[in-house]
Amino acid sequence: MNKILLEFAEMPFVVKTHDDEIVAWLAEHFSGEQAEDGAGTEIEIAPDSRLTLVDNYQYLGQPPEASINDGILILEHPCYKGTFSLAEGKGKVWFSGREFLVSYLRTVVTVIIVNCGGLALHSSCILRNGKTYIFTGYSGAGKSTVIKLTEDPVIYSDEVTLLKKNDKGLFSIHHSPFRSEFHSDYLPPTADIAGIFFLRQDSRVFLEKMPPKEAIFAILPMVFFPINKTQLFENKIFSLCADLLKQVPVFKLHFRKDDTFWESIDTVLGKEV
Amino acid sequence: MTDLADFCRNSTMITRVIDGEAVIMDPQQGKVLALNEVGSFIWELLDSPHSQGDLLDKICREFNVGREEAAADLEEFLAVLKSKDLVVTA
């Protein structure tokens, strides 16, 4: 059995598989390395899993059905089936198509990160002049567009931003390997978060500061989590969002499809300092 | 609603104070409710059991409002909290 070590937001995972092709792909796609037992959360890949997607294209983008029973996260999808024991920190997955291995890992990470004092936020995140900017909104709001409109963007995420508290309780942004369009080499964690921006496409470019009490209602639906109404996690996600909003200002960013939104951001944030 | 009963928070609710005002999460329902300044003051008091009369005295002192007006608003507010299972009566 091959064991490969992956890290997501400094959370180690050991993926076990007999398949050399999967090992090679994980090493390349997630910068994985050879691992020892007990080095992290264990994920075992079922032997008949395969990287190639065969005749299942209609299922790409379809989320899994998810539930938690007796502390076990269960994910069911036409192209993958996975479980993850929250108590033991061990999971198993069968998949047909590499996209679905990624989907399983991403879903497990969105759950585990909450237990580690973090959040997976539906957003893109750009590093610019030493600070990170989180752009969020529902699908079609422009999370990818702002990346395209930015000159030489350093991209921490284009779909799932991984935020996690450090040992001082401050949120840091971690490199997200869960990308939809813009891939990048590994980026180290960064704690300097300039703001969270809810995108509104408009003919004018301006920012509106959102009061934190309003922002919490806006940000809660942006947190990736596979299941609704799981009491323990709802409590944690709510508290983590409240903590995040104490540290990071939130704005509505009205923007049009050019790069002038950066001038507005610089002007408003410059005044805030 | 009787003036004699003591009201206190339903202990299953999660409260965070954001910008000086209370935001309450009902974990059973997955719903979030934000209170205004006066509501947040009352919610803070309800951390321990209070009668409606006690609450009214403290609101009038804190916000310098007339007792009659405050009583009607408090009655309405407590009814909302009860309808959402945010408070229990002792």
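The values are calculated or read from the model by the stated rules, or taken from the named source; none is laboratory data. Predicted, not measured: the structure shown is a model, and the values here were computed from it. Note: ideal-geometry Cβ built from the backbone for every residue, glycine included; neighbour counts use all protein chains shown. These area figures cover heavy atoms from the full protein model, side chains too; ligands, DNA and RNA do not enter into them. Shrake-Rupley method; radii C 1.70, N 1.55, O 1.52, S 1.80 Å.
Of note:
- Any hit, the range B:22-38, residues being farther than 28 Å from A:Phe225 by Cβ and of a type in the set (A, V, I, L, M): yes
- Among the residues making up the range A:3-39, those that are in a helix (DSSP H, G or I) and buried (at least 19 other Cβ atoms within 10 Å of the Cβ) are A:Ile22, A:Val23, A:Leu26, A:Phe30.
- Scan of the range B:75-90 for residues that are assigned to a helix (DSSP H, G or I) and under 11 Å from the mean Cα position of the chain (by Cα), ordered by number: B:Glu75, B:Glu76, B:Phe77, B:Leu78, B:Ala79, B:Val80, B:Leu81, B:Lys82
- Among residues of the range A:63-73, those that are outside any strand (DSSP E or B), out of contact with any His (no Cβ under 7 Å at 6 or more places or on another chain) and either open to solvent by less than 50 Å² (accessible area, probe 1.4 Å) or modelled with pLDDT under 90 (or both), counted: 2
- Looking across the range A:131-173 at every residue that is among the basic types (Lys, Arg) and either over 21 Å from A:Lys252 (Cβ atoms) or crowded, with 19+ Cβ neighbours inside 10 Å (or both), the one that is modelled with the lowest pLDDT is identified as A:Lys168.
- Checked against the criteria, A:Pro221 counts as open to solvent by 30 Å² or more (accessible area, probe 1.4 Å) and either under 19 Å from B:Gly30 (Cβ atoms) or among the acidic types (Asp, Glu) (or both).
- Once the range A:224-255 is narrowed to residues that are open to solvent by 70 Å² or more (accessible area, probe 1.4 Å) and under 30 Å from A:Gln62 (Cα atoms), the residue that is farthest from the other protein chains (Cβ to nearest Cβ) is A:Leu232.
Yes or no, residue by residue, for (1) under 30 Å from A:Gly195 (Cβ atoms); (2) open to solvent by 40 Å² or more (accessible area, probe 1.4 Å); (3) touching a strand residue (DSSP E or B) at 6+ places or on another chain (Cβ under 8 Å):
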site	(1), (2), (3)
A:Leu75	no, no, yes
A:Ser85	no, no, yes
A:Gly89	no, no, yes
A:Phe95	no, no, yes
A:Glu99	no, yes, no
A:Val102	yes, no, no
A:Leu105	yes, no, yes
A:Thr110	yes, no, yes
A:Ile113	yes, no, yes
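- B:Ala72 meets each of the listed conditions (1) away from chain A (no Cβ under 14 Å); (2) open to solvent by 30 Å² or more (accessible area, probe 1.4 Å); (3) not in a helix (DSSP H, G or I) apart from (3).
- Scan of the range B:1-44 for residues that are free of Cβ contacts under 8 Å to residues at least 60 places away in the same chain, crowded, with 17+ Cβ neighbours inside 10 Å and in a strand (DSSP E or B), ordered by number: B:Ile14, B:Thr15, B:Arg16, B:Ile18, B:Glu21, B:Ala22, B:Val23, B:Met25, B:Val32, B:Leu33, B:Ala34
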